[in-house]
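Quick notes on the structure that follows.
The values are calculated or read from the model by the stated rules, or taken from the named source; none is laboratory data. Bear in mind the structure is a predicted one, so any value in this text is a computation, not a measurement. Cβ: placed from backbone, ideal geometry, glycine included. Neighbour counts: every protein chain shown. Heads up: the accessible areas ignore ligands, DNA and RNA and are worked out on the full protein's heavy atoms, side chains in. Shrake-Rupley method; radii C 1.70, N 1.55, O 1.52, S 1.80 Å.
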Amino acid sequence: MTSLQVDIDQLTRLTRALDSSLVSLREARHALDHVRPDQVGTADLDAACDGFQERWAYGTRELTRRVKDLREGVDRSATEYAELDQAVRAAFLRAAAARD
C-alpha cells in the first residue's frame, strides 16, 4: 500500500525560503544596476561587463519568474493539502459519531 505524507509546515518553510530568494535576487539585480560598464576599466573589459549585465538581467528576470511560479504552486499545494486534511478529519469524526 502506498502512503502519502505531506508536512504542511515544511511547505510553509519552503515558501518563506523562496520569498527570501526572491528578495536576494532583487537586491543583487539592483546592486549591479548601479555599476556602469564604463566605470570598470579597459574598453574590452567594459564591453564584457556590459554583455554580462544584459545576460545577468535576463537570467535573473527568468529565474525570478520561475521562483514566483514555484512559490505559488507550493503555496497552493499547502492550502489544498490542509483543506484535504480537514475534510478527511471531518469525515472520520462524522463516521465515529454515526457509530455511537
Which FRET efficiency value, to the nearest 0.05, is calculated for ARG16 and ALA98 with the Förster distance at 35 angstrom and r the Cβ-Cβ distance?
0.30
Can you tell me, using C-alpha contacts under 8 Å and at least 6 residues apart, the relative contact order of the chain as a whole percent?
41 percent
Starting from the eigenvalues of the Cα gyration tensor, five times each then square-rooted, give me the equivalent ellipsoid semi-axes of the chain, largest first, whole Å.
51, 11, 8
Quick check: the angle from helix 43-99's long axis to the longest principal axis of the chain, C-alpha only, nearest 10 degrees?
10 degrees
Determine the shape class of region 55-96: with a ≥ b ≥ c the square roots of the Cα gyration tensor eigenvalues, call it rounded for a/c under 1.5, and otherwise prolate if a/b is greater than b/c, oblate otherwise.
prolate
Using a Förster distance of 30 Å, how high is the FRET efficiency between ARG76 and HIS30, based on the Cβ-Cβ distance and rounded to 0.05?
0.55
At 1.4 Å probe radius, can you tell me the per residue accessible area of the chain in Å²?
79 Å²
Taking 0.36 nm per intervening residue step and subtracting the Cα-Cα distance, what contour gain separates THR2 from THR60 on full extension?
17.0 nm
Over the chain, what percent of the accessible surface lies on carbon and sulfur atoms, probe 1.4 Å?
55 percent
